[in-house]
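**Student:** Have a look at this one before I ask anything.
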Amino acid sequence: MEPIDITARLEQKGVKPTPNRILVLKALHTATKPMSLADLEEALLSLDKSSIFRVLTLFLEHDIVHSFEDGRGVLNYEPCTSEGQCDLADAHIHFYCEACKRSFCMADIPLPNLSLAEGFTPHSVSFVIKGECPDCRKKHG
Ligand SMILES: [Zn+2]
Ligand SMILES: [Zn+2]
Ligand SMILES: [Zn+2]
């Protein structure tokens, strides 16, 4: 992922860039994979779980991050790649490795066109394929 200006990003999404918010978004942008709350806790030792959770809740409200459930039903978070309001144009399929419990973005695989019945407004889409990642496949031969 290209290096981005975290502060500018938060302002662009209409959120005041506080130190905690900058730390959390930076961690998500630095990671090459979606992160769970536990992953973020591990990466951000200076922040406690409830602070991270508060920031994530705010980020979700402002389309700064998107969340999806991985194969265990654990929420994973990843930064939104759209500018301003997001219409889920950046939603994509995820792959969950059942062996190493990591989630991978399949950003090149577009989601099927979801034509929902009138009156239904989607806020997030979860599309997870479960299996084995290349690393684990190699290990298991
Ligand atoms: Zn988005
Ligand atoms: Zn794996
Ligand atoms: Zn993703």
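What follows is calculated from the coordinates using simple rules that are stated; it is not laboratory data. These numbers were taken from a predicted model, which means no experiment stands behind them. Every residue, glycine as well, gets a Cβ built from its backbone with ideal geometry; the counts of neighbours run over all protein chains shown.
**Student:** Which order do 41, 11, 118 fall in if you start with the one that has the fewest other Cβ atoms within 10 Å?
**Tutor:** The order, fewest Cβ neighbours first, is 118, 11, 41.
**Student:** Restricting things to alpha carbons, find the Rg to Rh ratio for the chain using the Kirkwood radius for Rh.
**Tutor:** On the way: Rg = 15.7 Å, Rh = 16.1 Å.
Reported Rg/Rh, Kirkwood definition of Rh: 0.98.
**Student:** Same structure again: Could you work out how far apart the two model spin labels at residue 132 and residue 104 are, taking each label as a point 7 Å from the Cα in the direction of the beta carbon, and quote it in nm?
**Tutor:** Label-label distance for residue 132 and residue 104, simple model: 1.3 nm.
**Student:** Same structure, new question: Just to be sure I follow the rule: in the chain, considering lysines 8 or more places apart or on different chains, how many pairs have Cα atoms under 27 Å apart?
**Tutor:** The result is 19.
**Student:** Compute the relative contact order of region 6-140 as a whole-number percentage, counting only Cα pairs closer than 8 Å that sit 6 or more residues apart in sequence.
**Tutor:** Computed over region 6-140, the figure is 22 percent.
**Student:** Still on this structure, please answer the following. For the chain, give me the percentage of DSSP beta bridges that are antiparallel, rounded to the nearest 5 percent. Mind showing how you got there, number by number?
**Tutor:** Values: 12 of 16 bridges.
Of all bridge pairs located within the chain, approximately 75 percent are antiparallel.
**Student:** Sum up the charges of everything whose Cβ sits under 15 Å from the Cβ of residue 68, counting Lys and Arg as +1 and Asp and Glu as -1, but leave residue 68 out.
**Tutor:** -1
**Student:** Hey, another quick one. What nm distance separates the two modelled labels at residue 113 and residue 83, each placed 7 Å from Cα along Cα→Cβ?
**Tutor:** Modelled inter-label distance: 2.7 nm.
**Student:** Report the local net charge at residue 92: Lys and Arg +1, Asp and Glu -1, summed over other residues whose C-beta lies under 12 Å from its C-beta.
**Tutor:** -3
**Student:** Can you work out the PRE-style zone for residue 69? Point 7 Å along Cα to Cβ, and I want the residues of region 25-40 with backbone N under 18 Å.
**Tutor:** Answer for region 25-40: 35-38.
**Student:** Just add up the charged neighbours of residue 127: K/R +1, D/E -1, any other residue whose Cβ is under 15 Å from the Cβ of residue 127.
**Tutor:** Computed value for this residue: -4.
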